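Colleague: Take this structure, written in C-alpha cells, and hold onto it; I'll ask about it next.
The values are calculated or read from the model by the stated rules, or taken from the named source; none is laboratory data. Every value quoted in this text rests on a predicted model; they were computed, and no experiment measured them. As a convention, Cβ positions derive from the backbone with ideal geometry for all residues, glycine included, and neighbour counts pool all protein chains shown. In case anyone asks, the SASA skips ligands and DNA or RNA and just uses the protein heavy atoms, side chains included. Shrake-Rupley method; radii C 1.70, N 1.55, O 1.52, S 1.80 Å.
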Amino acid sequence: MPSLRTALLQSSGRPGAVAENLKVLDEAAARAAAAGAGLLVSPELFLTGYAIGDAVPVLAEPADGPGAEAVAEIAVRHGLAVLYGYPERDGQRIFNASQLIGPDGTRLANYRKTHLFGCFEQEWFTPGEQTVVQADLDGLRIGLLICYDVEFPENVRAHALAGTDLLLVPTAQMHPFQFVAESVVPVRAFESQMYVAYVNRTGPEGEFEFVGLSCLAGPDGTVRTRAGRGEELVLGEVDPEFLAASRAANPYLHDRRPDLYGSLA
C-alpha cells in the first residue's frame, strides 16, 4: 500500500473572514496537490478564525452548509482530501467541529470537540459526545480529534483500539503550552501506535498567542515533519508498511491489562 503524503497548513488565516480563509485554503490545496499530497489538514476553527467572540453564533453553520460546499469544491478542484475546522450549528447548539471532505467532494466524517478548553470555548460551545469518529481514505483508517482532546490519553487509546491509523488533530495551541506539540503529541503517537498530524494556528489572535510547531509524529515517536512558528505548509509521509511493522514490534497494545483499569473510569 503506498504512503499517504499529508500536508499540514499552519496558518491562522484572517479571523472573522470566511471568504479570505477559503482563499488561503484553496492556495494551500493547490501547493499541496502539486507536491503530491493526498490530504491537506488545516487548524482548529480555520474557516472562521478562533478568537472571534460574539461572531461565533453569527458565523456558525450546519455541517452541510456553505463552508462545506466551498471546501468540497476545493477538494475536487485539486484532487485531494481536506480536513478543516469550523463552528458547527445544530439547532440552538454550537459545536467546535472539524470535517473531513474526500477528494471527490464527499463529506467523509464530522467530529465535535469533546473536551472544551478554557472560558472562551466553554462559553460559546457545547461539548461533543462521540469520542471516536473515523473515515477510510486511501486504505487508511482516519480518526479525528481537536486540540485539547489529544491531551487526554484515553481519547487517543480509544482510537487505537478502534483501529485508527492516522489521527488528525487540528489545534489552536497557545503559549505557554508548546510542550504539548513538542513532547506530548509524539508520545501519544508512540504509546498508541499510530500517526498523529497535529496542525496549529500561529501568531497573535485576540488574547491568545498561538505557537505553531505543527507536526506529523510517527508510531515510533519520532517527528517526521515539523513547522516553525510562522505561516507554513509542511508535508510528511504516512507509511502503512512502517505502521504495520511498528505495531508488530511494539507490545503496548498487546500487553494491556484492561481488567485492571476499570477504576480509572
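Colleague: Among the residues in segment 85-94, are any of a type in the set (A, V, I, L, M), part of a strand (DSSP E or B) and over 23 Å from Leu216 (Cα atoms)?
Modeller: Initial filter on segment 85-94 (of a type in the set (A, V, I, L, M)): 94.
Restricting the remaining residues to those that are part of a strand (DSSP E or B) gives 94.
Adding the requirement that they be over 23 Å from Leu216 (Cα atoms) leaves 94.
So far as segment 85-94 goes, yes, one or more of its residues are of a type in the set (A, V, I, L, M), part of a strand (DSSP E or B) and over 23 Å from Leu216 (Cα atoms).
Colleague: Return the pair list, or none, for Cβ contacts closer than 8 Å from residues in segment 218-246 that are on the phi > 0 side of the Ramachandran plot to residues that are buried (at least 16 other Cβ atoms within 10 Å of the Cβ), at least 6 apart or on different chains.
Modeller: Gly221/Pro186; Gly221/Ala189; Gly221/Phe190
Colleague: Suppose we keep only residues that are open to solvent by 70 Å² or more (accessible area, probe 1.4 Å) and part of a helix (DSSP H, G or I) within segment 219-245. Which one would you say is nearest to Glu191 (Cα to Cα)?
Modeller: Phe242
Colleague: Got at least one residue in segment 81-98 being more than 14 Å from the chain's Cα centre (by Cα), modelled with pLDDT of 95 or more and within 18 Å of Leu4 (Cβ to Cβ)?
Modeller: No, segment 81-98 contains no residue that is more than 14 Å from the chain's Cα centre (by Cα), modelled with pLDDT of 95 or more and within 18 Å of Leu4 (Cβ to Cβ).
Colleague: Looking only at segment 189-217, how many residues end up being farther than 21 Å from Ile142 by Cβ and either in a loop (DSSP other than H, G, I, E, B) or free of Cβ contacts under 8 Å to residues at least 24 places away in the same chain (or both)? Quick ask: steps written out before the conclusion?
Modeller: First, the residues of segment 189-217 that are farther than 21 Å from Ile142 by Cβ: 201-213.
Add one more test, that the residue is either in a loop (DSSP other than H, G, I, E, B) or free of Cβ contacts under 8 Å to residues at least 24 places away in the same chain (or both), and what stays is 201, 204, 206-207, 212-213.
Total satisfying the criteria: 6.
Colleague: Go through Ala248, Ala181 for me and flag whichever is in a helix (DSSP H, G or I) and under 30 Å from Arg14 (Cα atoms).
Modeller: Values: Ala248 fails: under 30 Å from Arg14 (Cα atoms).
Going through Ala248, Ala181 in turn, just one is in a helix (DSSP H, G or I) and under 30 Å from Arg14 (Cα atoms): Ala181.
Colleague: Based on this model, can you work out whether Pro176 counts as in a strand (DSSP E or B), without any contact (Cβ under 8 Å) to a residue 24 or more places away in the chain and not basic (Lys, Arg)?
Modeller: Details: in a strand (DSSP E or B): no; without any contact (Cβ under 8 Å) to a residue 24 or more places away in the chain: yes; not basic (Lys, Arg): yes.
So Pro176 does not fit the description; no.
Colleague: Does Pro2 satisfy being modelled with pLDDT under 95 and either closer than 22 Å to Cys215 by Cα or more than 17 Å from the chain's Cα centre (by Cα) (or both)?
Modeller: Working: modelled with pLDDT under 95: yes; either closer than 22 Å to Cys215 by Cα or more than 17 Å from the chain's Cα centre (by Cα) (or both): yes.
So Pro2 fits the description; yes.
Colleague: Now, a different point. Please go through segment 34-58 and pick out each residue that is surrounded by 20 or more Cβ atoms within 10 Å (Cβ to Cβ) and outside any loop (DSSP other than H, G, I, E, B).
Modeller: Leu39, Leu40, Val41, Val56 - these are the residues of segment 34-58 that are surrounded by 20 or more Cβ atoms within 10 Å (Cβ to Cβ) and outside any loop (DSSP other than H, G, I, E, B).
Colleague: Only residues that are open to solvent by less than 30 Å² (accessible area, probe 1.4 Å) and among the aliphatic types (A, V, I, L, M): list them for segment 1-33, please.
Modeller: Those that are open to solvent by less than 30 Å² (accessible area, probe 1.4 Å) and among the aliphatic types (A, V, I, L, M): Leu4, Ala7, Leu8, Leu9, Ala17, Leu25, Ala28, Ala29, Ala32.
Colleague: Could you check segment 24-38 and list, in sequence order, the residues that are under 20 Å from Ala172 (Cα atoms) and not small (Gly, Ala, Ser)? So that I can check it myself, show each step before the final result.
Modeller: Initially, segment 24-38 is screened for residues under 20 Å from Ala172 (Cα atoms), giving 24-25, 28.
Correct list: Val24, Leu25.
Colleague: Could you tell me which residue of segment 122-141 is farthest from Ile94 (Cα to Cα), considering only residues that are touching a strand residue (DSSP E or B) at 6+ places or on another chain (Cβ under 6 Å) and not aliphatic (A, V, I, L, M)? Spell out the reasoning first.
Modeller: Taking segment 122-141 as the starting set, the residues that turn out to be touching a strand residue (DSSP E or B) at 6+ places or on another chain (Cβ under 6 Å) are 125-126, 128, 133-135, 137-138, 140-141.
Subset that is not aliphatic (A, V, I, L, M): 125-126, 128, 134, 138, 141.
Values: Phe125: 5, Thr126: 6, Gly128: 10, Gln134: 21, Asp138: 31, Arg141: 27 Å.
This residue is Asp138.
Colleague: Shifting gears a bit: I'd like the residue in segment 97-138 that is within 15 Å of Val150 (Cα to Cα) and of a type in the set (Ser, Thr, Tyr) and, out of all such residues, is most open to solvent (accessible area, probe 1.4 Å).
Modeller: Thr131
Colleague: Given the residues Glu129, Glu123, which is the only one that is assigned to a helix (DSSP H, G or I) and more than 27 Å from Asp255 (Cβ to Cβ)? I'd like the intermediate steps shown before the answer.
Modeller: Details: Glu129 fails: assigned to a helix (DSSP H, G or I).
Exactly one of Glu129, Glu123 is assigned to a helix (DSSP H, G or I) and more than 27 Å from Asp255 (Cβ to Cβ), namely Glu123.
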